[in-house]
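Here is the structure we will look at, set down as structure tokens.
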Amino acid sequence: MPYPSPPRIPSGPRRRTLLASAAGAALLAGCTTGPDSGGERPSATARAQARAAGDSKALLARYDAVLAAFPGLAERLRPLRSQVAAHVTAFTEGTTPTATPSATRSASPAASPAPVPATEKDALASLAAAERTLADQRAKALLDLPGEPARLLASAAAAGAAHAYLLTTGATK
């Protein structure tokens, strides 16, 4: 009688771990205490939201460039690109049209115009690195934001971390 094979232990974080991390980040972001510090906090929040919108737009442009160079990746990248586009919408809703261009500029690798790598594998690795860097940047930035803006940034950071994982493992569904 054959013995059952041991269960496969997946490399990297499990889906449940990623979801729990996202939920924990959102919960912590919602637990900020302290009164608003007057006029300074809304402008800091608006700047953070404009920066997040600019970063998401730049990341969306990276996805579009990779898709233009490698149309065979469309099925794999379409769900991730769609979520990044949703982040652009979420971060631009409720922002004032008077946001300055300097407020939307970012030093993150997701925002720097980079040429598309020569191979699909390198293009995916480049997207994963941009997603990971932006997720880390957003996780740090959300600590300085109040309630709802922090929850939105935490959600986008968690999605970016999940995207980076999916881009490096080959699974997107």
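The values are calculated or read from the model by the stated rules, or taken from the named source; none is laboratory data. Everything numeric in this text was worked out from a predicted model, so none of it was measured. Counting neighbours? That spans all protein chains shown, and the Cβs are built from the backbone with ideal geometry, glycine included.
Can you name the residue in the stretch 159-173 that is of a type outside the set (A, V, I, L, M) and assigned to a helix (DSSP H, G or I) and, of all such residues, is surrounded by the fewest Cβ atoms within 10 Å (Cβ to Cβ)? Here the answer is 169.
Please specify each residue of the stretch 69-87 satisfying the condition of being closer than 19 Å to residue 115 by Cβ and either of a type in the set (Phe, Trp, Tyr) or touching a His at 6+ places or on another chain (Cβ under 6 Å) (or both). Within the stretch 69-87, 70 is the sole residue that qualifies. Return yes when residue 104 is modelled with pLDDT under 95 and buried (at least 18 other Cβ atoms within 10 Å of the Cβ) and no when it is not. Criteria met by residue 104. If you check residue 156 against the conditions, is it in contact with a Phe, Trp or Tyr (Cβ under 9 Å, 6 or more places away or on another chain) and surrounded by 22 or more Cβ atoms within 10 Å (Cβ to Cβ)? Yes: the conditions hold for residue 156.
Candidates in the stretch 67-81 are the residues that are surrounded by 12 or more Cβ atoms within 10 Å (Cβ to Cβ) and out of contact with any helix residue (DSSP H, G or I) (no Cβ under 7 Å at 6 or more places or on another chain); of these, the one that is farthest from residue 166 (Cα to Cα) is 78.
Can you list residue pairs whose Cβ atoms sit under 7 Å apart, with the first residue in the stretch 138-158 being of a type in the set (S, T, N, Q) and the second being part of a helix (DSSP H, G or I)? Count only pairs 6 or more apart in sequence or on different chains. Listed by first residue and then by second, the contacts come to 155/22; 155/26.
For residues that are assigned to a helix (DSSP H, G or I) and closer than 12 Å to residue 48 by Cβ, scanning just the stretch 130-147, find the one that is modelled with the lowest pLDDT. Per the stated criteria, the residue is 144.
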